[in-house]
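The values are calculated or read from the model by the stated rules, or taken from the named source; none is laboratory data. Computed from a predicted structure; not experimentally measured. Using ideal geometry, Cβ is built from the backbone for each residue, glycine included, and neighbour counts are taken over all protein chains shown.
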2 protein chains.
Amino acid sequence: MSAERTYTIRQLCQEFACTPRALRFYEDKGLLSPARAGLNRIYSYKDRARLMLILRGKRVGLPLAEIGELLDLYELDDGGVAQTATSLGKCRERITALERQRIDIDNAIAELKLGALELEQRLATMGPEHLPKAADYDQALRLRLDGVEHEGSH
Amino acid sequence: MSAERTYTIRQLCQEFACTPRALRFYEDKGLLSPARAGLNRIYSYKDRARLMLILRGKRVGLPLAEIGELLDLYELDDGGVAQTATSLGKCRERITALERQRIDIDNAIAELKLGALELEQRLATMGPEHLPKAADYDQALRLRLDGVEHEGSH
DNA sequence: ACCACGGTTGACGTTTACGTCAGAGGAACT
DNA sequence: AGTTCCTCTGACGTAAACGTCAACCGTGGT
């Protein structure tokens, strides 16, 4: 019966790398409905769980509206058999859609891996004979490295 | 040396269920550059292949800009070693991103399947005691079936 | 009492990926 | 020649998902 842990908007944002604006937006869309302490929003553990589902839904490309429907599937106090039946229908539609998408992704990954292989081989066999000039190569590489701010191991 | 097959804009649109507007838009963005017969666009077999890649990229949630970069990876006449190296980098980034996405999708599918199971059981154990009324149930079901045009096995 | 700080509510701006006319041009049938 | 198509080029509109900015509020510290 310990008071369940709660979160401020900023805590959740830091944890999941999103902005307060986004959370309020999800709230506008009915995907979240945190409690209030005066004006301030207080997110419960359940709210946090919902947020995680929302973000995963986004990562797999679902529009917020669809995510909302799916979230409702999990919290069905329900309104009857017909409701449940159509929910099941939507659920299955989403499953088959995601399975198609999985296939697309597998194909894309396969092709990209082939592409990567070819690029590697090209790099390997690409002797100085294909280069503009050793000096140019050197300079181009330098420019590249200078231009890239992040991702550097330095 | 038979003249390679070509396609009008409408033919491609019918084949891939998209609109002429979309194809012209992709052209604006540099993802396609079909030949012309006067004003009219003439799509080659290669253009068609690119379009398929574009559409698959879209299905996995890539923005058109990214798709453009990936397409360029396949057609590298190239500008040197540095170019090829950074291309390889981008390629690998995309691969790992897609692999993460694959995991998300697998998780989402798993959860949805659990949800579907629960819904099925609820439907099974949901005796008339939870129903508004047997008559209402019957009527609601009828309405449902009438409202759904496709997917019906009838 | 004053002020910084984090949070809140509008309201308008922005990007992406097209949809939707409006107006015109060439091919083809009648 | 007239009409019917299909297509083309702008140009403007739109939905989704926030970003950004202004102005306000309550609370803790000094």
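Among (1) surrounded by 16 or more Cβ atoms within 10 Å (Cβ to Cβ); (2) more than 16 Å from DNA strand D (Cβ to nearest atom); (3) under 17 Å from the mean Cα position of the chain (by Cα), where does A:Y7 come up short? All conditions pass for A:Y7, except number (3).
Of the residues making up the stretch A:39-52, those that are within 14 Å of A:K29 (Cβ to Cβ) and within 14 Å of chain B (Cβ to nearest Cβ) number 1.
Against the conditions (1) more than 13 Å from DNA strand C (Cβ to nearest atom); (2) basic (K, R); (3) surrounded by fewer than 14 Cβ atoms within 10 Å (Cβ to Cβ), B:R21 satisfies every one except (1).
The test for being part of a loop (DSSP other than H, G, I, E, B) and more than 19 Å from A:Q101 (Cα to Cα) holds for B:R5. Scanning the stretch A:36-61 for residues that are within 15 Å of DNA strand C (Cβ to nearest atom) and either surrounded by 18 or more Cβ atoms within 10 Å (Cβ to Cβ) or in contact (Cβ under 8 Å) with a residue 12 or more places away in the chain (or both) returns A:N40, A:R41, A:I42, A:Y43, A:S44, A:D47, A:R48, A:L51, A:G61. Is it fair to say A:E99 is within 11 Å of DNA strand C (Cβ to nearest atom), out of contact with any strand residue (DSSP E or B) (no Cβ under 7 Å at 6 or more places or on another chain) and among the charged types (D, E, K, R)? Spelling it out, it is not the case that A:E99 is within 11 Å of DNA strand C (Cβ to nearest atom), out of contact with any strand residue (DSSP E or B) (no Cβ under 7 Å at 6 or more places or on another chain) and among the charged types (D, E, K, R).
Against the definition (away from chain A (no Cβ under 14 Å), more than 16 Å from DNA strand D (Cβ to nearest atom), surrounded by 12 or more Cβ atoms within 10 Å (Cβ to Cβ) and in contact (Cβ under 8 Å) with a residue 24 or more places away in the chain), how does B:G68 come out, yes or no? In short, yes.
Within the stretch B:20-41, how many residues are under 20 Å from B:E75 (Cα atoms) and either within 11 Å of DNA strand D (Cβ to nearest atom) or within 20 Å of the chain's Cα centre (by Cα) (or both)? Final tally of qualifying residues: 10. Going through (1) at pLDDT 95 or above; (2) more than 15 Å from DNA strand D (Cβ to nearest atom); (3) more than 8 Å from every other protein chain (Cβ to nearest Cβ) one by one, B:I105 falls short only on (3). Count of the stretch B:72-84 residues, restricted to those that are surrounded by fewer than 18 Cβ atoms within 10 Å (Cβ to Cβ) and assigned to a helix (DSSP H, G or I), is 3.
Scanning the stretch B:12-59 for residues that are assigned to a helix (DSSP H, G or I), of a type in the set (A, V, I, L, M) and farther than 23 Å from A:L112 by Cβ returns B:L12, B:A22, B:L23. Applying the criterion of being within 10 Å of DNA strand C (Cβ to nearest atom) and charged (D, E, K, R) to the residues of the stretch A:24-35, the residue that is farthest from A:L70 (Cα to Cα) is A:R24.
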